[in-house]
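One structure is given here, and the rest of the page talks about it.
The values are calculated or read from the model by the stated rules, or taken from the named source; none is laboratory data. Computed from a prediction, not measured in an experiment: that's the story for all the values here. Neighbour counts run over all protein chains shown; Cβ positions are idealised from the backbone, glycine included.
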Amino acid sequence: MLELAAIRANPEAIKQGLAVKRFAPLSLIDDIVAADEQRRKLQQQSDDLLNRQNTLSKEIGNLYKQGKTAEANEAKAQTTALKEDSQALQQQLAESETYLNELLIQLPNLPHASVPKGAHTEDNLEEYRHGTIPTLHEGALPHWELTDRYDLMSLELGVKITGAGFPVYKGKGARLQRALIAFFLDEATRAGYTEILPPHLVNADSAYATGQLPDKEGQMYHVGIDGLYLIPTAEVPLTNIYRDVILKEEELPIKIAGYTPCFRREAGSYGAHVRGLNRVHQFDKVEIVQIAHPDHSYEVLEKMKSHVAGLLEKLELPYRVLRLCGGDMSFASALTFDFEVYSAAQERWLEVSSVSNFETYQANRLKLRFRDTETKKNRLAHTLNGSALALARIVAALLENNQTPNGIHIPKALQAYTGFDQIS
RNA sequence: GGUGAGGUGGGUGAGCGGCUGAAACCAGCAGUUUGCUAAACUGCCGUACUGGAAACGGUACCGCGGGUUCGAAUCCCGCCCUCACCGCCA
């Protein structure tokens, strides 16, 4: 969440920033400022009473020690009223804190100054394109027909054993998944990331800390009996490794990467544009995460973008990079770039990666800090993450773009991992 | 799942009703000493909120939540977790 100190210091600046993100209830800022004042007032009163209680108790102890029992008992009588008052105040203080927190948690992150204004995907700014869009042969097929033709994947089988949106990969299709995962992890390792294999279920604390709760409650699968959530992205367990941690400044940046399946309920989205692998409830993804010094996080963001771009180039996929507009960005992000690959048979762009800088927004909830060597003070770190990459849609584009009448060509970089250069 | 032991600051570990936000040691930081290194010595060394320009104060926190008491790390209750052994099991 946003830092209270920043809101307190300049509420109008916060309002202006949030307006770019199309955040409507700007009066919430005024409510927060008022609630914060109220809270501090209550704390002062409460602290004051507690202080008097503590002092009195010490005096009573001393009186007993000196054998002045009568005086001690007299003093004791005073404590009753004091205690009642302070308990009432503490109750009010706790309520005030809860209320303030409820307000704060509703605020999205402030967008970076470079975020374009706008509400919809059309307002996203295209940064650049790379690669050439392939011309397919006559009778080229969309990937959902290719997967049938070469027996690579079945959604019907998924329906049988689980439900809609749970693909079952088969044969070379399954091997292709495994190859891509291994390729992406190896590339991340080569780029200096430490590989992590995290749990695929997380508790509510973790989901809150990275911002999935309460904002996206309905988008996660919930295991009610144990109070756990299936992860919608590896970002959640990976970033939460550093929840409640104070790092040394020289430990920054932290670079970790992990493969996990990702589970998304995606309630209510059906239709032609979500056919095949375009949007499924379970998909595989390798995620890269960095924890950076606030002064360098935007350089880190650029490096992460280059990493993702490098992967797409090695896979020989045409792609474009979008700078997301305020209305299209996620709740917790300050700046997000989306990578989209061109899926030649569908003749459309598919989002395969989202690279974001969250600045201190997640770190504030995570209580992820580092000790500033200069000032010796603890400061919130910046967190960043990016998909590198999301598999299902990469597979869709790979199959469609590389098809020939005789089979599907596997890009060179992947061949060592698949063990074959052609699906036929 | 059963039984037993235990959860204290970065680590080890003392404390078992007031003098304890917490001994001691180790690690870390700053100095003194020193030709350099080593050693020795001195001081500092948890987090958050809060008052204050600052100096310096206040409050809370000894797994979590309640309770007893004028006063709880210390006593009582509930929960969670860790370890050991048994059972079950990929």
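Keeping to the range A:20-53, report how many residues are under 18 Å from A:Ala332 (Cα atoms) and either in a loop (DSSP other than H, G, I, E, B) or out of contact with any Gly (no Cβ under 8 Å at 6 or more places or on another chain) (or both).
8
Which of the numbered conditions does A:Asn364 fail, given that it passes all the others? Conditions: (1) within 16 Å of RNA strand B (Cβ to nearest atom); (2) touching a Pro at 6+ places or on another chain (Cβ under 7 Å).
Only one criterion in (1) within 16 Å of RNA strand B (Cβ to nearest atom); (2) touching a Pro at 6+ places or on another chain (Cβ under 7 Å) is unmet by A:Asn364, namely (2).
Is it fair to say A:Glu374 is away from RNA strand B (no atom under 16 Å from the Cβ) and either assigned by TED's automatic domain parsing to the domain that holds A:Tyr298 or under 30 Å from A:Ala396 (Cβ atoms) (or both)?
no
From A:Leu146, A:Leu110, A:Leu125, grab the single residue that is farther than 30 Å from A:Leu4 by Cα, buried (at least 17 other Cβ atoms within 10 Å of the Cβ), at pLDDT 90 or above and not assigned by TED's automatic domain parsing to the domain that holds A:Leu56.
A:Leu146
For every residue, the table says whether it meets (1) assigned to a helix (DSSP H, G or I); (2) at negative phi; (3) of a type in the set (S, T, N, Q).
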| position | (1), (2), (3) |
| --- | --- |
| A:Glu340 | no, yes, no |
| A:Glu351 | no, yes, no |
| A:Ser356 | no, yes, yes |
| A:Arg379 | no, yes, no |
| A:Ser387 | no, yes, yes |
| A:Ala397 | yes, yes, no |
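Right, A:Glu195: surrounded by fewer than 14 Cβ atoms within 10 Å (Cβ to Cβ) and part of a helix (DSSP H, G or I) or not?
Against the criterion (surrounded by fewer than 14 Cβ atoms within 10 Å (Cβ to Cβ) and part of a helix (DSSP H, G or I)), A:Glu195 does not qualify.
Collect the residues in the range A:366-424 that are of a type in the set (Asp, Glu), closer than 30 Å to A:Leu141 by Cβ and either surrounded by fewer than 19 Cβ atoms within 10 Å (Cβ to Cβ) or within 20 Å of the chain's Cα centre (by Cα) (or both), keeping them in residue-number order.
The one that is of a type in the set (Asp, Glu), closer than 30 Å to A:Leu141 by Cβ and either surrounded by fewer than 19 Cβ atoms within 10 Å (Cβ to Cβ) or within 20 Å of the chain's Cα centre (by Cα) (or both): A:Asp421.
Listed here are the residues, each with its yes/no results for (1) touching a residue at least 40 places away in the same chain (Cβ under 8 Å); (2) of a type in the set (Val, Ile, Thr).
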residue	(1), (2)
A:Ala344	yes, no
A:Leu350	yes, no
A:Arg371	yes, no
A:Thr375	no, yes
A:Gly386	yes, no
A:Ile394	yes, yes
A:Leu398	yes, no
A:Asn406	no, no
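Can you find a residue that is within 28 Å of A:Ala207 (Cα to Cα) and within 12 Å of RNA strand B (Cβ to nearest atom) anywhere in the range A:36-48?
yes
Just to be sure, is A:Pro214 out of contact with any helix residue (DSSP H, G or I) (no Cβ under 6 Å at 6 or more places or on another chain) and part of a loop (DSSP other than H, G, I, E, B)?
Spelling it out, A:Pro214 is indeed out of contact with any helix residue (DSSP H, G or I) (no Cβ under 6 Å at 6 or more places or on another chain) and part of a loop (DSSP other than H, G, I, E, B).
Do any residues in the range A:40-51 that are closer than 15 Å to A:Thr98 by Cα have Cβ atoms under 8 Å from those of residues that are assigned to a helix (DSSP H, G or I) and more than 7 Å from RNA strand B (Cβ to nearest atom), where the two are at least six apart or on different chains, and which pairs are they?
Qualifying pairs under 8 Å: A:Leu42/A:Leu89; A:Leu42/A:Gln92; A:Leu42/A:Leu93; A:Leu42/A:Ser96; A:Gln43/A:Leu93.
Looking only at the range A:70-93, decide whether some residue is of a type in the set (Val, Ile, Thr) and more than 9 Å from RNA strand B (Cβ to nearest atom).
The answer is no; no qualifying residue exists.
Starting from the range A:57-69, take each residue that is farther than 15 Å from A:Leu82 by Cα and list its partners that are more than 8 Å from RNA strand B (Cβ to nearest atom) and not small (Gly, Ala, Ser), counting only C-beta distances under 7 angstrom and pairs at least six apart or across chains.
A:Leu63/A:Glu71
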